[in-house]
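The values are calculated or read from the model by the stated rules, or taken from the named source; none is laboratory data. Computed from a predicted model, the values in this text were never measured in an experiment. Cβ placement follows ideal geometry from the backbone for every residue including glycine, while neighbour counts extend to all protein chains displayed. With ligands, DNA and RNA removed, areas are computed over all heavy atoms of the protein, side chains included. Shrake-Rupley method; radii C 1.70, N 1.55, O 1.52, S 1.80 Å.
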Amino acid sequence: MRKPLALLLASTLALTAMAQKFENLALTPPMGWNTWNTFASDIHESLIKQTADTMVANGMRDAGYVYIVIDDTWSKKQRDEQGNLVPDPAKFPSGMKALADYLHERGFKLGIYSCAGPRTCADYPGSWGHEFQDARTFAAWGIDYLKYDWCNRGNADARDAYTRIRDALYTAGRPVVLSICEWGQNKPWEWASGIGHLWRTSGDIYDSYDGRKGWEMGWKRILDLQYSLVDSIGPDGIGKYAGPGHWNDPDMLEVGNAGLSMAESRAHFSLWCILAAPLMAGNDVRHMKPEIQAILTDREVIAIDQDKLGKQGFRALAEPARAIEIWIKPLSEGDWAVCALNTGNAPADLTIDWERLWTLDRRPYQVRDLWAKRAAGDTTKPLTVRVDTHDVALFRLTPAK
Ligand code: GLA
């Protein structure tokens, strides 16, 4: 009797120690790059290596984008005879361990994709019934991040399915960021903290301002959805479920992709930072315009997203008649971020009347315009700024001395 009890105790202690290691992996929203939005199934190890090399050279890695994530379609269509996942040798001829080593040597972490169902969304093997085996495989390869999807899962309970893969990762013993991708269907904000580090809140994004293509939505629609999710569960909204180690995920970035204007890319990035969203670039960083690179690597804007307080921002004002929305986010040290979006179809002078942002306390704040890179007075009087269609003005407010 005594030996099994001791063993049980030892394994419980080991899992508790592993849980603590997992807890600290995403104290700010994860940042990185993911293959899906631009490349879908057209992936290859040379693309991953070139992307990583580019991200070193262009400053993205040093700005915080360290997770390089290979999305769906990376494996062979079938498992091997032992039931193992096998990388597609045409796409990853050197194997995943070699790729992980390449990335680790350059200061990156490697992410991979699987699914709670027996097949992934693109019809490759999923981890259903192989959770512990796959977690061991991922640990052996040196995987640091797992995006875990929700196609073909039958009538599985989402909480059980994601707890199972989390426990499999704990048992495999390598700390892994777990990205829950069940599209908000089972209200993951209510149960997923402590299981995964981030959870999708909606269907898929595509490179559009507010378009809709079946399952895919433009970023403004996803932004609006965050707000209606907020409405549906009360005034504090789903934002209250986000915090260090557990984040709402409104999906990856389309910044720099063809369907967005420069203004729409800038606004999308700014508002994702206001939401404390994970920042997973989804463009071809090897061939991006300098203006897009400047958006993605702007330290002052990234600091809004990565603020250590870890509070998600919210919409403080929406006036369709004036074509303006104002989103705000509390920051550490009593600072605030304020983002004014021009929702109209023409450039406009937007007036920000600080007094109407009821959440700000009444003290004057000094205002810095983050994209214009200049001081913009203080909050004692309204500020009027010219903002392009679908663009934003983004400010950091600091209590006046
Ligand atoms: C789902 C996910 C996407 C992507 C694809 C891959 O649609 O939501 O982000 O991973 O599957 O097939």
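For HIS246, the solvent-accessible surface computed with a 1.4 Å probe is close to 50 Å², ligands and nucleic acids excluded.
Would you please report the Å³ per residue occupied by the convex hull of the alpha carbon atoms in region 18-305? List each step's numbers first, then the result.
On the way: hull volume 34.8 nm³, N = 288.
In region 18-305, the Cα convex hull volume per residue is 121 Å³.
Principal-axis analysis of the Cα atoms of the chain puts helix 219-232 at an angle of about 90° to the longest axis. Here the dipole of the chain is about 860 debye; that uses its Cα centre as origin and unit charges on the Cβ of Lys and Arg (positive) and Asp and Glu (negative). Accessible area per residue for the chain is 42 Å², calculated with a 1.4 Å probe on protein heavy atoms, without ligands, DNA or RNA. Seen against the Cα atoms of the chain and their longest principal axis, helix 262-274 is set at about 70 degrees. Note that region 56-69 has calculated 3J(HN,Hα) couplings of 6, 5, 8, x, 5, 4, 6, 7, x, 7, 10, 8, 9, 10 Hz, one per residue in order, obtained from phi through the Karplus relation 6.51 cos²θ - 1.76 cosθ + 1.60 (θ = phi - 60°); glycine and proline are x.
For region 1-128, what class follows from the C-alpha gyration tensor (a ≥ b ≥ c being the square roots of its eigenvalues): rounded when a/c is under 1.5, otherwise prolate if a/b is larger than b/c, else oblate?
oblate
Taking amide H as placed 1.01 Å from N in the peptide plane, the amide H of LEU331 sits under 5 Å from that of TRP336, ALA337, each at least 5 places away or on another chain. Structure remark: mean-square fluctuation, Gaussian network model of the chain, C-alpha springs under 10 Å; the largest value among VAL385, VAL301, VAL367 belongs to VAL385.
Once the Cβ-Cβ distance of MET262 and LEU317 is raised to the sixth power relative to R0 = 35 Å, the FRET efficiency obtained is 0.90. Note on ARG136: accessible area approximately 140 square angstrom, rounded to 10, probe 1.4 Å, nucleic acids and ligands left out. Karplus-based coupling profile of region 22-35, in residue order and whole Hz: 5, 4, 8, 6, 9, 5, 10, x, x, 10, x, 9, 10, 5, with θ = phi - 60° in 6.51 cos²θ - 1.76 cosθ + 1.60 and x standing for Gly or Pro. Near the amide H of ALA376, within less than 5 Å, lie the amide hydrogens of VAL367, ARG368, ASP369, all on another chain or at least 5 residues away, with H placed in the peptide plane. Couplings for region 280-295, taken from phi via the Karplus curve 6.51 cos²θ - 1.76 cosθ + 1.60 with θ = phi - 60°, read 10, 4, x, 10, 7, 5, 6, 10, 9, 5, x, 5, 6, 4, 5, 5 Hz in order; Gly and Pro are left as x.
Springs join every pair of Cα atoms under 10 Å in this Gaussian network model of the chain, and among LEU341, LEU271, LEU13 the largest mean-square fluctuation is at LEU13. Across the alpha-carbon atoms of region 86-213, the computed radius of gyration and Dmax are 15.1, 43 angstrom.
Distant-in-sequence amide contacts of TRP74, defined by a placed amide H-H separation under 5 Å and a gap of 5 or more residues or a different chain, comprise nothing.
Using the Cα gyration tensor of region 277-401, with a ≥ b ≥ c the square roots of its eigenvalues, what is the shape: rounded (a/c below 1.5), prolate (a/b larger than b/c) or oblate (neither)?
On the way: a/c = 1.75, a/b = 1.25, b/c = 1.40.
Note, shape of region 277-401 comes out oblate.
Within straight-line reach of LYS213, meaning a Cα separation under 26 Å, sit the following lysines at least 8 residues removed in sequence or on another chain: LYS147, LYS187. Round to a whole number: what % of the accessible area of region 315-399 belongs to carbon and sulfur, probe 1.4 Å? Answer for region 315-399: carbon and sulfur cover 51 percent of the accessible area.
By DSSP, what percent of the beta bridges with both residues in the chain are antiparallel, rounded to the nearest 5?
Working: 36 of 62 bridges.
So the antiparallel bridges amount to about 60 percent of the total.
Within the straight-line cut-off of under 14 Å between alpha carbons, the aspartates and glutamates reachable from LYS91 are ASP42, GLU45, ASP71, ASP72, sequence neighbours fewer than 8 places apart in one chain being disregarded. Note on ALA400 and LEU27: their simple-model spin labels are 3.5 nm apart, each label 7 Å out from Cα toward Cβ. Once the Cα atoms are used to define both axes, helix 95-105 deviates from the longest principal axis of the chain by about 50 degrees.
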